[in-house]
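Here's the structure, in structure tokens; my notes come after.
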């Protein structure tokens with residue numbers, strides 16, 4: 001598990017590094033909504049009961065937030081549980097996967113011995129999806145499942161709704177399942193007009209998490225959305241009981257109501273992603289890829305990702321060495337986007353390392 | 001999911017019943033250890049990080065509590081995750097299962113299409129294991145896995161260490177896996193001298209939870225113990241990352257240190273299970289089975305379990321209709337054991353219902 005993901009500050013703390021600024025996982029810098037903290041402090045007794053096995057209140061709240069019905073919602077112990085449940089319930093034999101992508105997709109697919117075909121997001125195309133080639137590939141072959149992350153991790157690229165419409169028509173015509181991981185969609189400008197759920201297709205299953213936007217990776221709350229009640233029922237049948245803990249349940253009920261937190265986050269990310277991108281463009285010996293969300297992929301021209309990660313760690317900052325993503329290599333690192341003060345610290349440290357070493 | 005388990009007070013609350021006294025799930029009445037509540041209130045920031053994917057500190061603490069090494073420990077989102085992981089990792093084809101037993105065993109085994117053979121705990125033998133017949137059955141047939149719960153839910157019966165020794169020799173000789181669910185063992189008098197881990201066998205895997213003893217069914221923390229590192233590695237490989245949430249992690253670190261809470265619970269249960277049993281023996285038209293743990297099985301002579309459950313609910317008490325346990329029927333209900341005041345209330349209500357109706 002150690003090298004698959006960002007966010008493992010524990011390993012470095014065990015090496016004696018304290019107070020690491022974590023730019024390797026992409027978490028909202030505003031921290032946990034105070035509304036939840038207040039509610040949790042008053043409600044420790046929810047932990048002395050088993051959670052509602054049907055999670056009715058939580059599913060109602062999530063349905064309302066997404067403009068769907070509770071029967072379109074399934075909740076999980078983080079989006080990870082939803083991912084593994086979905087893959088185990090559908091047992092796809094052949095899968096088309098956009099890459100580079102999140103490493104857990106492959107682990108989940110491997111658990112059912114699915115054959116994976118990768119559709120590469122090309123460096124020369126700035127990792128944006130080549131729609132025509134993608135549709136062509138889908139039409140020419142038979143897959144049981146298409147899996148894409150939107151916006152995509154680690155590239156930060158977004159597939160727009162018109163393209164998704166085309167993909168939808170194709171999966172419906174060929175009767176293929178489409179799993180869309182929207183873990184980062186709420187960081188996208190006007191995200192509610194861009195989600196796959198707008199396509200209202202029975203072939204589509206959308207995966208979400210409160211992890212990133214509401215800064216609760218340690219609390220574990222994810223969910224799945226679909227208009228396909230048969231698929232949802234399959235997942236429900238395979239699901240372990242009580243997998244969402246009582247505080248995660250409470251978090252869902254309170255956080256999705258916190259309009260102020262949601263609004264300030266939306267304002268912050270639009271401003272800050274622009275700032276980060278512009279500033280990164282001014283650093284020599286690397287390039288930044290335009291992002292639609294709260295992290296940004298960088299290509300290093302002169303240094304190895306591992307070396308840059310190590311030297312950033314010396315300055316107390318953990319960044320994501322992105323070289324183990326499929327189709328990426330030692331030239332790539334990924335940065336989170338956080339608040340202005342931290343971002344400036346990271347930008348300065350990065351410039352020092354990359355520009356100085358690049359000029360030797 | 002609705003009818004498989006106790007503890008679903010939500011269903012009755014939705015029917016307008018508030019403040020239900022829950023005797024259907026078997027949770028320590030002392031509630032969550034204060035030591036954890038204090039620590040959690042000070043440490044909400046653990047939720048803003050991903051949990052340590054290796055859970056090193058937690059596994060160290062659990063190892064210390066059980067007198068084993070951290071490499072003998074795997075942690076899960078409740079014992080339920082450990083159960084499903086174990087079954088999916090081992091994929092047993094043929095399984096011998098003591099019954100009546102916890103309903104999730106069958107769900108987990110069904111998920112890998114295992115063939116289940118039930119070994120009945122007989123009513124005429126007060127649901128105690130007939131050791132000779134059990135050993136004979138194991139010797140005569142080939143199983144991939146033997147699954148038993150000790151002490152057993154819902155019968156409250158315990159298999160002693162000598163019998164376990166005999167079972168151990170048999171599973172070792174026949175190279176069979178033995179899964180022991182010890183979810184309730186800490187309520188057993190001098191439990192540390194009675195756990196399956198004392199047998200130090202590579203064929204044995206022990207499953208535990210903090211759920212019941214530390215009153216945190218809503219927080220979700222379970223673990224597996226084994227001397228078989230290959231089996232543990234198989235589970236680790238199949239495991240979803242970060243499945244134990246940050247507060248469950250913190251709970252494990254603090255609660256297992258709370259000697260005072262542990263001691264007062266041990267004193268309470270020994271006294272209270274004796275009291276409950278004696279008092280129940282004084283109620284006519286039913287019998288109570290001797291229990292070694294914190295719940296007690298009752299057989300009704302004149303009324304249906306469903307009717308007694310309904311009439312108890314009218315008095316604000318939820319008990320477990322045990323008729324859907326394998327080999328039990330409409331004559332059986334299960335009661336938790338809680339603090340003296342509540343127990344007296346439950347005993348009185350039960351006597352009113354059973355004795356009155358029985359005499360019509």
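The values are calculated or read from the model by the stated rules, or taken from the named source; none is laboratory data. Remember, it's a predicted structure, so these values are computed and weren't measured experimentally. Neighbour counts run over all protein chains shown; Cβ positions are idealised from the backbone, glycine included.
Odds and ends about this structure:
- Here residue A:56 meets each of (1) over 19 Å from residue A:144 (Cα atoms); (2) buried (at least 19 other Cβ atoms within 10 Å of the Cβ); (3) at the interface with chain B (Cβ under 8 Å from one of its Cβ atoms) with one exception, condition (2).
- Condition met for residue B:218 (over 12 Å from the mean Cα position of the chain (by Cα), crowded, with 21+ Cβ neighbours inside 10 Å, within 29 Å of residue B:33 (Cα to Cα) and without any contact (Cβ under 8 Å) to a residue 24 or more places away in the chain): yes
- Here residue A:168 passes the criteria (1) within 14 Å of chain B (Cβ to nearest Cβ); (2) in contact with a strand residue (DSSP E or B) (Cβ under 9 Å, 6 or more places away or on another chain) except the one numbered (1).
- Pick from the range B:22-38, criterion farther than 12 Å from residue B:336 by Cβ and within 11 Å of chain A (Cβ to nearest Cβ), ranking: surrounded by the most Cβ atoms within 10 Å (Cβ to Cβ): B:36
- Answer from A:321, A:258 - the residue that is touching a residue at least 12 places away in the same chain (Cβ under 8 Å) and closer than 30 Å to residue A:52 by Cβ: A:258
- Residue B:294 meets all of the listed conditions (1) at pLDDT below 95; (2) under 24 Å from the mean Cα position of the chain (by Cα) but one, namely (1).
- The range A:95-122: number of residues that are in contact (Cβ under 8 Å) with a residue 60 or more places away in the chain and under 20 Å from residue A:292 (Cα atoms): 6
- For the range A:59-69, filtering for residues that are surrounded by fewer than 20 Cβ atoms within 10 Å (Cβ to Cβ) and either in a loop (DSSP other than H, G, I, E, B) or touching a strand residue (DSSP E or B) at 6+ places or on another chain (Cβ under 8 Å) (or both) leaves 5.
- Residue that is nearest to residue B:154 (Cα to Cα) [pool: residues in the range B:39-53 that are in contact with a helix residue (DSSP H, G or I) (Cβ under 7 Å, 6 or more places away or on another chain) and more than 9 Å from chain A (Cβ to nearest Cβ)]: B:39
- Condition met for residue B:206 (free of Cβ contacts under 8 Å to residues at least 40 places away in the same chain, touching a helix residue (DSSP H, G or I) at 6+ places or on another chain (Cβ under 9 Å) and either more than 20 Å from residue B:172 (Cα to Cα) or not in a loop (DSSP other than H, G, I, E, B) (or both)): yes
- Scanning the range A:118-136 turns up at least one residue that is in contact with a helix residue (DSSP H, G or I) (Cβ under 8 Å, 6 or more places away or on another chain), closer than 24 Å to residue A:320 by Cβ and not in a loop (DSSP other than H, G, I, E, B).
- Residue in the range B:88-102 that is more than 23 Å from residue B:213 (Cα to Cα) and at the interface with chain A (Cβ under 9 Å from one of its Cβ atoms) present: yes
- Filtering the range B:75-115 to residues that are within 22 Å of residue B:175 (Cβ to Cβ), within 20 Å of the chain's Cα centre (by Cα) and outside any helix (DSSP H, G or I) leaves B:95, B:96, B:97, B:98.
- Answer from B:45, B:52 - the residue that is closer than 30 Å to residue A:212 by Cα and touching a residue at least 24 places away in the same chain (Cβ under 8 Å): B:52
- Residues in the range A:224-240 that are buried (at least 19 other Cβ atoms within 10 Å of the Cβ) and under 23 Å from the mean Cα position of the chain (by Cα): A:224, A:225, A:226, A:227, A:231, A:232, A:235, A:239.
- Residues that are away from chain A (no Cβ under 12 Å) and closer than 25 Å to residue A:85 by Cα, drawn from the range B:59-87: B:73, B:74, B:75, B:86
- Where strands (runs of 3 or more DSSP E) fall entirely within the range A:211-329, those with at least 1 residues that are touching a helix residue (DSSP H, G or I) at 6+ places or on another chain (Cβ under 8 Å) and within 14 Å of chain B (Cβ to nearest Cβ) are at A:222-226, A:317-321.
- Filter result for the condition that a residue is buried (at least 22 other Cβ atoms within 10 Å of the Cβ) and free of Cβ contacts under 8 Å to residues at least 40 places away in the same chain, over B:305, B:336, B:288: B:305
- Residue within the range A:5-21 that is closer than 29 Å to residue A:242 by Cβ, surrounded by fewer than 18 Cβ atoms within 10 Å (Cβ to Cβ) and at the interface with chain B (Cβ under 7 Å from one of its Cβ atoms) present: no
- Condition check for residue B:102 on (1) modelled with pLDDT of 95 or more; (2) surrounded by 21 or more Cβ atoms within 10 Å (Cβ to Cβ): one failure, at (1).
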